[in-house]
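A short worksheet on the structure shown next.
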Amino acid sequence: MQAIIFANRNGSELAPLSSYYCPALLPISNKSVIEYTLEDLAEAGVKRVKLVISTHVNEIKALVGNGELWGLEVDYFLSKEQEDASKIIPRLALDKTEPVLLARGDILRSPCINSFLQFSKQMSESFVIAKLDNQNAGLMMLPAAIKQTEKLNWPLSNDQTEHKTSTQGNSMGNTVTQVLHGDCFMLNSLDEYMQANQAMALKKVVGATPKGRYCSSADEANGFYIGSQTKTGQLRMQNAWGVIGDNSWIDESVNMEQSVIVGKNCLIEAKCRLKNCIILDDSYVGQGLNVSNAIICKDMLLTPQTGAAIRLNDDSIIAINHTVSPNNRVKRFDRLCALLLFMLGLLVSPLLLLISLTGSSKGWRIKERVELNNRIYSCWRWDLKSLFLSRLPQLYLVITGQLKLFGRTPFLQPQQQSTNSEYGLYGPLQLLPFTLPDEEKTLIETEFMLSKQKSKNFKLIRQSFSYANHQQIQTHSE
């Protein structure tokens, strides 16, 4: 069976958190929202998934991959932000007679997809509305729901129809309401995001369990779920509970109270006090800081109850905790290839210098700036028609492990950088000799990054030389 998962919310209602996360990537007790949906799909026996995405494309791809982790086959489909489902579905070329599950992947639900599928199969001629926690659960089945797909658009409509509290459904003509057992969080505000994390940490989300090994605390009823390679003090002495992610370090003098959720790759310094708070991935909390009823996201401090947010420029208080993910390190093969090309570039540099001086009136080189992991590097390239040859001097960024050989462009300096962004020296935009609208750039780069063709990099290089030849022909004809 096939499922279409919509994860194309822009998350503006969660600003400024949306600058780092789209709703599908929001960590709920150290597991992204989309992961809960994928787990639910796998348990329901769904095998094929089309994931509809719009923002944070590379981050979602880095997390989900091809779906192998869940036993799924995941393909990606790029859409506009919060585009109507009725406009997306015709472009997916679906078999109109085949049952297809439609679901939102950017809300948190108790596992319920299997119950919904079983019930929908019994009511194959009727449009089934799934209600969970008295809310629209964001689930429907094709082909019966083909004329009702607007109910899947964000924000989800929530028709307050009277219904019986049972899983048998309440038939209303050709429409059936199925009432499912469990919890549902729309994540449409910072406060609800905080509530979802706290509920998960307390194991109050029906059918869901936090990620990590369990460790008891001074609270008799609750404890902590701890990730791997994480160091903490004596949690059994803390009158608190919560979740602590992988590769985090919490000083033993830190005092914790009530609900505390700490993400991956976090550093909490000595004598801090944490109470009813969330500290998201890659965050640093300075010595002696009191964090109560708040969310810390890298260099931002947010108060969910009021919606207030401030960004701090003092790295001694809160800041981004710089770490390098092992999965994002530049491969030795890339470095070796870059070294060989760099040496070749040195051998032919007199010729390249001569071509640069004779071919341009502006100078023999072009200066560029690269922003990676919040550090700015200055570099230069030859002023040549062939952008592949032009970038040979920049290969030192690959040799030193700052960039991959092939990947997304780092030269546009996007507003948000990520350790999972797969920045490379060569890519479709780096080798493009002309400018395009931003939307078209995003589409071209996304298609390149999502392509599974092993020969895509060689095709890219050949194409860059054809661009150069085309430019040369145009220059002579003029």
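The modelled label-to-label distance for the pair Asn153/Arg273, using points 7 Å beyond Cα in the direction of Cβ, is 4.9 nm.
On average, how much accessible surface per residue is there in the chain, in Å², for a 1.4 Å probe, leaving out ligands, DNA and RNA? Write out the running numbers ahead of the final one.
Values: 23280 Å² over 478 residues.
It amounts to 49 Å² per residue over the chain.
Figure legend: label point modelled 7 angstrom from the Cα of Asn114 along Cα→Cβ; residues of segment 171-208 with amide N under 19 Å from it are 179-184, 205-208.
Report, in order of residue number, the helices in the chain meeting two criteria: a C-alpha extent of 20 Å or more along the helix axis, and a mean Kyte-Doolittle hydropathy of at least 0.0; treat each whole DSSP H run as one helix.
Details: long enough: 332-347 (23 Å, 1.59); 456-477 (31 Å, -1.09).
The answer, listed by residue number, is 332-347.
For Val206, the residues whose amide H sits under 5 Å from its own are Asp183, ignoring neighbours fewer than 5 places away on the same chain, with H placed 1.01 Å from N.
For the pair Leu202 and Leu69, the difference between a 0.36 nm per residue extended length and the Cα-Cα distance amounts to 45.3 nm. Accessible surface for Asp191 stands near 60 Å², nearest 10, in the context of the full protein assembly shown (1.4 Å probe). Solvent-accessible area assigned to carbon and sulfur over segment 45-100 amounts to 49 percent, based on a 1.4 Å probe. Counting only protein chain heavy atoms and rolling a 1.4 Å probe, the accessible areas of His56, His322 rank, largest first, as His322, His56.
Rounded to two decimals, what ratio of Rg to Rh does the chain give with C-alpha atoms and a Kirkwood Rh? The partial results should precede the final answer.
Working: Rg = 25.6 Å, Rh = 24.9 Å.
My calculation of the ratio gives 1.03.
Taking the inverse of the mean 1/r over every pair of distinct Cα atoms in segment 24-105 gives a Kirkwood hydrodynamic radius of 13.6 Å. Here segment 65-133 yields Rg over Rh of 0.96, to two decimals, using C-alpha coordinates and the Kirkwood radius. Length available on full extension from Arg48 to Ala221: 0.36 nm per residue minus the Cα-Cα distance, which gives 58.3 nm. Counting only protein heavy atoms and a probe of 1.4 Å, the accessible surface of segment 129-285 is 45% carbon and sulfur. Rounded to 0.05, the FRET efficiency of the Ile366 and Glu252 pair, given R0 = 41 Å and the Cβ-Cβ distance, is 0.20.
What FRET efficiency comes out for the pair Asp133/Thr400, r = Cβ-Cβ distance, R0 = 60 Å, nearest 0.05?
Working: r = 51 Å, r/R0 = 0.86.
E between Asp133 and Thr400, to the nearest 0.05, is 0.70.
Two numbers describe the Cα atoms of segment 12-61: Rg and Dmax, which are 12.1, 37 Å. Residues of segment 257-301 with an amide N closer than 20 Å to a point placed 7 Å from the Cα of Asn239 along the Cα-to-Cβ direction: 257-261, 271-278, 289-294. Centre-to-centre, using Cα atoms only, segment 376-405 and segment 201-237 are separated by 47 Å.
Report, please, the projected area of segment 1-138 averaged over directions, based on the convex hull of its C-alpha atoms, in nm². Display every interim value, and only then the final one.
Numbers: hull surface 33.8 nm².
Across all orientations, segment 1-138 yields a mean hull projection of 8.4 nm².
Projecting label points 7 angstrom from Cα along Cα→Cβ for Leu94 and Lys459 puts them 2.8 nm apart.
Leu351 exposes around 100 Å² of accessible area when a 1.4 Å probe is run over every protein chain in place.
So if R0 is 56 Å, what FRET efficiency would Ser316 and Thr358 give, r being the distance between their Cβ atoms, rounded to the nearest 0.05? It comes to 0.60. Converting phi to 3J(HN,Hα) with the Karplus coefficients 6.51, -1.76 and 1.60 and the offset θ = phi - 60°, segment 267-282 yields 10, 10, 6, 5, 6, 7, 10, 10, 9, 6, 9, 10, 10, 7, 3, 6 Hz in sequence order, with x at every glycine or proline.
Placing pseudo-labels 7 Å out from each Cα toward the beta carbon at Thr442 and Ser12 gives an inter-label distance of 1.3 nm.
The values are calculated or read from the model by the stated rules, or taken from the named source; none is laboratory data. Since this is a predicted model, take the numbers as computed values, not measurements. We place every Cβ from the backbone using ideal geometry, glycine too, and count neighbours over all the protein chains shown. When the accessible area is computed, the model is the full protein with side chains, heavy atoms only, and any ligands, DNA or RNA have been set aside. Shrake-Rupley method; radii C 1.70, N 1.55, O 1.52, S 1.80 Å.
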